[in-house]
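Have a look at this one.
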Amino acid sequence: MLITLTTEPGTIGLIVACALTILVLIGLINRKVSLFSQHILVGITAGYVGAVVWRQVLITRLALFLQEPAAYWYYGVFILIGLALFVRTTPGISGLARIPLILLVSVGAGLALGGTLSGTLLPQTEATIKSLSPDAYGSGLSGTSFALDAVIMILCTISTLAAFHYISLHGRGLPNALERISSGLGRMGKAVIAIVLGALLSGALLTFYTLLLERIDFLTVGIPLIIEQVGL
Amino acid sequence: MTICPFCQASNKPGAEQCKSCGRHLTTMQCPHCGATNSIQDLYCVSCFSLLHPTAETEKALAASPKVISAEPDQTEEKASEPELTDDQTDKQAMHPAAPIEDDFAQEQLPITSISSTEESSWPQLVPSPDDELGNIDDILDINTRTMEQPDSSAPGYRRPTSRENQLARLWQQIGIKHAPMDEGRHNLSESQEKRTTPRQRFLIYILTFALALLPFLTKGQITDALTTDESASGLLASELAIVPTDQPVLISFDYDASYAGELLPVAKNVLNTLVVRQVPVLTMTTRTTAADMSALVLSSLEADTLSVEWTDLGYTPGQTGLRLLAQSWQAAFPLCTTESTQNATQVSRVLVFSDSLETSLAWIELFGSQVDIPIQMVVTERIYPLLLPYEDSGQLDLLVSGVSATPDEESQIRGSDASLFLLVGVLVLAIWGTWTKSHESVGR
Amino acid sequence: MIKKRILVILGLICGLIIVADMFLSIPWLDEIGHILLEGTIIIGGMAVLAGVINLLYHNAERLEEKSSRPGAIITLICLLGTFVMGVLPNASTRLWTYEYVLIPLQSTFTAILIFYVMETAFLHFHTKGIEAALMLGTCLVLLFIQLPISASISPIFVSLRQWLYASPIAYGARGILIGTAIGVATSSIRLLAGKNTIAEAEE
């Protein structure tokens, strides 16, 4: 359970970890301490992320390009294009920075579109299309319960979608019957969304509470250990 | 003595922070854009919205008239209402004659309905000739209308400069016709109305902290920890027991240090089980802040179990990396070569530890939709409900949450008590909040 | 100056190649898609680096202001120190920083969110409106039925929990996901069509 005691920790490491944990907790009631810990977090995280990207993304590919320029010519091309990001504020050539940005945006959009279509829209829509006949699931109570489940599924999914739809089309002069159906489904959809949000909220509460318990667990084990190791 | 503009508490001269509410006495954040401003600034240096909204300004904005007299009337300024405070957040309680809704309704009135002949005690808004925004009204064809009246009795008040007046008025004009200022003001009023007092906040924090300490004292004596085979940890264990030993398992540590408390114990347990069973393991991550997570987990394993084949592939960036991984092993990890596998299709399954919906979806959409390999996920309880449809549709082979799959018996026992305390705590806060709300309504 | 139209066409081509590559199996398309993805990884990495340099520059500028100097010094020391430790070949210092600095900091910062969630519970958990009541009710029911004590009261609570997660919650989440996916797809098409691409690039 205890994270830091797994790798034969040095006493200094334990002291630093405990001090930082306490510092952040004190930051809840003291703004200066909170700001201090935020500055440390920003610095450490940015430095760590920068180092990981440098070591595992850029240097590896640059090395490959330098070793075998013929095989990895495109690494060189994209490193050059990427360098254009750094001239964003240079007068006269700042427009060059648009090229890497446009590549990032368009490839990102392409991945999002392709991924959403093949990974969510098609499979999830397919999973929603189920038979409502009890006979399709077997005879007796089992078949009926499966059919009932299919009804619940279709109602929940469509009403949730209708809630999105209803919000955007409400008051746009739809025919009365359609407006009424859309409104009714939308209201049901909002109720379903509220249930999902309730589940998400309970999940968030449990996650954050677990993290706090883990931190307190860390302190309750770590502080006596520090005292023992330091010999106080 | 310095008076806190938020809670009116007295502080020592030169104090930077209020001893009562803890807020800064020298700087404040713009409620619209979040930029830091000096407390003396009337308007935000970044978005030029009003920093010190008062009941008086809200009321005046709705009902009042416009502009153009000479100097502000000091007598009226002194008589102006005090600013809203944390303890007096309900504007309606303070100013029943000017309910919030009415303010907004009146703001929607056409500008032409405002008399331009009424007397005004507000600062003159005539632009100076050298001001670059001097004839902005002419350019935009905006009718002259008054700016919001500042609370000149507020500590550190200074008159806005000509440029500040110009820009603030311009924003206000846009706000009346369109959204930005209007919405900003509305949000501000709402947030003020729903803010906790320092006392309430303190009590809530104490209660929450007590809730987190109690499980360590009760040690599971209140409830019994019942871990059955149907529990998530049992499910995960039974899945791990049937993993073939002749094919490697790809494990991705896609949670950053923030959620290590929930997922790291499960990850260690899974790794330990696989290594003991002599299953070849490949590890990787798509999160920059989890680049050393596999090394951390590896270091926690028993030394004698490390004879098993273990390769850390390293970091590949998010969506793009996963798309490449579905195509070619070598492309996603250029320097990493493994003897046992040439590409991702040769692994028996993928086990992802994830704390983010985006990362989980990237695995399902960009990897799972392209490669026919079972994906099993251990995720934080926070995102668990949103991934259930993928388990239902068969895109995920297994989905468990870190909270329910925790392998540590002590944590389970303590967790059962902790969940009870959390439930009680939320219930207490909900009842307290409801009671406070109805009490305030009755007070009104 | 590069013409905006050329950039839009370039972006459109790149995006379409990536989309087509996901659905079609054509060797030359795979090859181009592969190169584009590798290129995006490199450019993305350089963008992260540019962000880190920007943070460095911003904090170096803040050194001149007396009020923000201490914060800027702390950030700069932490940033440079971690970066240097991170790029050194010796992994032990990097792991030490990760285990004893980054994990306690990030983990505790996330853990204290429970205090803010509880504060929000106090502010917004009054049963005003059916949706708020439903949300609060679901949250409390789910917290209760996952307790071992609920199972000892009646086994029906275990079934109720399983049903809630398997039925209304999963199906409602499916509706949300499909709705969101439609939104993502629409935004992506708009971006590829050049509706927002240049604006994004300008940003």
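Is it true that A:Phe78 is aromatic (Phe, Trp, Tyr), within 8 Å of another protein chain (Cβ to nearest Cβ) and farther than 28 Å from C:Gly183 by Cβ?
Spelling it out, A:Phe78 is indeed aromatic (Phe, Trp, Tyr), within 8 Å of another protein chain (Cβ to nearest Cβ) and farther than 28 Å from C:Gly183 by Cβ.
Among the candidates C:Leu136, C:Leu164, C:Leu140, C:Leu160, which residue alone is more than 21 Å from B:Tyr259 (Cβ to Cβ), more than 9 Å from chain A (Cβ to nearest Cβ) and more than 20 Å from the chain's Cα centre (by Cα)?
Only one candidate passes the filter, namely C:Leu160.
Any residue in the range A:118-125 that is assigned to a helix (DSSP H, G or I), free of Cβ contacts under 8 Å to residues at least 60 places away in the same chain, within 25 Å of C:Met46 (Cα to Cα) and more than 7 Å from every other protein chain (Cβ to nearest Cβ)?
Within the range A:118-125 (the criterion being assigned to a helix (DSSP H, G or I), free of Cβ contacts under 8 Å to residues at least 60 places away in the same chain, within 25 Å of C:Met46 (Cα to Cα) and more than 7 Å from every other protein chain (Cβ to nearest Cβ)), the answer is no, since none of the residues qualifies.
Let me ask you something else. Looking at the range B:242-300, which of its residues are among the basic types (Lys, Arg) and in a loop (DSSP other than H, G, I, E, B)?
Residues satisfying the conditions are B:Arg277, B:Arg287.
Restricting to the range B:329-348, give me the number of residues that are modelled with pLDDT of 70 or more, more than 12 Å from chain A (Cβ to nearest Cβ) and surrounded by 16 or more Cβ atoms within 10 Å (Cβ to Cβ).
Summing the residues that are modelled with pLDDT of 70 or more, more than 12 Å from chain A (Cβ to nearest Cβ) and surrounded by 16 or more Cβ atoms within 10 Å (Cβ to Cβ) in the range B:329-348 gives 3.
So, of the residues in the range B:349-374 that are away from every other protein chain (no Cβ under 11 Å) and in contact with a Phe, Trp or Tyr (Cβ under 7 Å, 6 or more places away or on another chain), which turns out to be surrounded by the fewest Cβ atoms within 10 Å (Cβ to Cβ)?
Filtering first and then ranking leaves B:Val352.
Now, a different point. Restricting the search to the range A:135-144, which residues are loosely packed, with under 13 Cβ neighbours inside 10 Å and either closer than 17 Å to C:Ser167 by Cβ or in contact with a helix residue (DSSP H, G or I) (Cβ under 6 Å, 6 or more places away or on another chain) (or both)?
Matches in the range A:135-144: A:Leu141, A:Ser142.
For B:Ser404, only one of the following conditions fails: (1) surrounded by fewer than 23 Cβ atoms within 10 Å (Cβ to Cβ); (2) modelled with pLDDT under 80; (3) in a helix (DSSP H, G or I). What is its number?
(3)
Can I ask one more? Check off (1) buried (at least 17 other Cβ atoms within 10 Å of the Cβ); (2) hydrophobic (A, V, I, L, M, F, W, C); (3) closer than 26 Å to B:Thr316 by Cβ; (4) touching a residue at least 60 places away in the same chain (Cβ under 8 Å) for C:Val8 and give me the number that stays unchecked.
(3)
A further question follows. Looking at A:Leu213, A:Leu219 in this structure, which one is in a helix (DSSP H, G or I) and free of Cβ contacts under 8 Å to residues at least 60 places away in the same chain?
Within the list A:Leu213, A:Leu219, the selection yields A:Leu213.
Same structure again: Cβ-Cβ distance below 6 Å, separation of 6 or more or different chains: which pairs start in the range C:41-67 with a residue that is over 29 Å from B:Leu325 (Cα atoms) and end on one that is surrounded by 14 or more Cβ atoms within 10 Å (Cβ to Cβ) and not basic (Lys, Arg)?
Final answer for the pair search is C:Leu55/A:Ala46; C:Asn59/C:Ala72; C:Asn59/C:Thr75; C:Asn59/C:Leu76; C:Arg62/C:Ser68; C:Arg62/C:Ala72; C:Leu63/C:Ala72.
If you don't mind, there's one more thing I want to ask. Identify all residues within the range B:242-295 that are among the acidic types (Asp, Glu) and either farther than 19 Å from B:Gln346 by Cβ or within 11 Å of chain A (Cβ to nearest Cβ) (or both); write none if there are none.
B:Asp254, B:Asp256, B:Glu262, B:Asp292, listed by residue number.
Please tell me if C:Gln146 is within 29 Å of B:Leu361 (Cα to Cα), at the interface with another protein chain (Cβ under 7 Å from one of its Cβ atoms) and either touching a residue at least 60 places away in the same chain (Cβ under 8 Å) or touching a Lys or Arg at 6+ places or on another chain (Cβ under 8 Å) (or both).
yes
For the range C:158-191, what are the residues that are at pLDDT 80 or above and closer than 22 Å to B:Leu422 by Cβ?
Within the range C:158-191, C:Leu160, C:Arg161, C:Gln162, C:Leu164, C:Tyr165, C:Ile169 meet the criteria.
Does at least one position in the range C:46-64 carry a residue that is touching a Lys or Arg at 6+ places or on another chain (Cβ under 6 Å), over 17 Å from A:Ala46 (Cα atoms) and either among the aliphatic types (A, V, I, L, M) or surrounded by fewer than 16 Cβ atoms within 10 Å (Cβ to Cβ) (or both)?
Yes, that holds for at least one residue.
Same structure again: Against the condition at pLDDT 90 or above, small (Gly, Ala, Ser) and within 30 Å of C:Leu105 (Cβ to Cβ), how does A:Gly47 come out, does it pass?
Taking the combined requirement at face value, the residue satisfies it.
Only one of C:Arg94, C:Arg174 is within 10 Å of chain A (Cβ to nearest Cβ), closer than 23 Å to A:Lys190 by Cα and free of Cβ contacts under 8 Å to residues at least 24 places away in the same chain; which?
C:Arg174
Of everything in the range A:114-161, what is more than 24 Å from B:Leu357 (Cα to Cα) and among the acidic types (Asp, Glu)? Give them in sequence order.
Answer for the range A:114-161, where residues must be more than 24 Å from B:Leu357 (Cα to Cα) and among the acidic types (Asp, Glu): A:Asp135, A:Asp149.
Considering (1) within 10 Å of chain C (Cβ to nearest Cβ); (2) in a helix (DSSP H, G or I); (3) surrounded by 14 or more Cβ atoms within 10 Å (Cβ to Cβ), say which one A:Ile12 fails and leave the rest.
(3)
Determine whether the range A:141-158 contains at least one residue that is within 7 Å of another protein chain (Cβ to nearest Cβ), within 24 Å of the chain's Cα centre (by Cα) and over 30 Å from C:Lys3 (Cβ atoms).
yes
The values are calculated or read from the model by the stated rules, or taken from the named source; none is laboratory data. Note that the structure is a prediction, hence the values are computed from the model and not measured. Neighbour counts are summed over all protein chains in view; Cβ atoms, including those assigned to glycine, are modelled from backbone coordinates with ideal geometry.
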